[in-house]
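Asker: The structure that follows is given in the form of structure tokens.
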Amino acid sequence: MVVTRDIVIARGVDDVFAYLADARNDPQWCPKVLRTDLLAGEGPGPGARYGVTHRPIPLRPAREMDHVCVAWTPPTRIEWREDDGTDVIAVTYELEDLGGATRVTQRSDAELAAPAFLHPLMRLGIGHDIARQLKTLKGKLEAQKQESAGVQAHRSPTAS
């Protein structure tokens with residue numbers, strides 16, 4: 001099952017790519033991600049492997065997930081493979097430079113263990129989750145930009 005959503009973020013493509021490339025940022029914008037730890041690799045990039053604790057289904061126990069960066073093309077594409085022992089999801093982020101803003105498209109290709117008759121309902125839920133995540137990502141990154149601009153505007157000149 002493939003679910004795709006997109007959003008435009010008022011930040012440069014390099015900033016958005018850097019933020020998305022480091023899965024340790026995920027708990028800040030993915031409500032279902034509770035914790036992320038780098039397990040292998042020296043940081044963001046192909047081969048980086050993260051251990052993720054997430055709660056894909058509300059009111060159910062959290063699950064441990066293997067989250068691996070399988071490919072990237074800075075600053076326009078990141079590919080992840082997520083496997084929690086029940087479901088496997090290939091997640092691709094495509095970033096389009098809009099000149100000071102970035103269109104982020106998330107494509108999730110899910111192999112779900114749930115019975116096929118539940119897939120239409122799950123597609124709706126996954127689509128809703130992705131849209132909510134992207135909206136939170138937008139808010140987080142745009143707020144960081146405003147905070148950074150505010151700090152620079154309020155700095156007092158230094159004495160020579």
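The values are calculated or read from the model by the stated rules, or taken from the named source; none is laboratory data. Note that this is a predicted model, so its numbers are computed, not measured. No Cβ is skipped: glycine too gets one built from the backbone with ideal geometry, and neighbour counts run over all protein chains shown. In case anyone asks, the SASA skips ligands and DNA or RNA and just uses the protein heavy atoms, side chains included. Shrake-Rupley method; radii C 1.70, N 1.55, O 1.52, S 1.80 Å.
Asker: Which entry in (i) 16.3; (ii) 17.3; (iii) 16.8 matches Kirkwood radius over Cα pairs in Å derived from the coordinates of this structure?
Answerer: Read-out from the structure maps to (iii).
Asker: Further, regarding this structure: How large, in percent, is the carbon and sulfur part of the accessible surface of the range 43-94 at a probe radius of 1.4 Å?
Answerer: 54 percent
Asker: Also: Kindly report the accessible area of the chain per residue (heavy atoms of protein chains, probe 1.4 Å, no ligands, DNA or RNA), in Å².
Answerer: Roughly 57 Å² per residue, with all protein chains present.
Asker: Could you give the nm distance between label points at residue 135 and residue 77, where each point is 7 Å from its Cα heading toward the beta carbon?
Answerer: Going from the residue 135 label point to the residue 77 one covers 3.0 nm.
Asker: For residue 32, which lysines qualify as cross-link partners when the Cα separation must be under 22 Å and same-chain residues fewer than eight apart are set aside?
Answerer: 135, 138, 140
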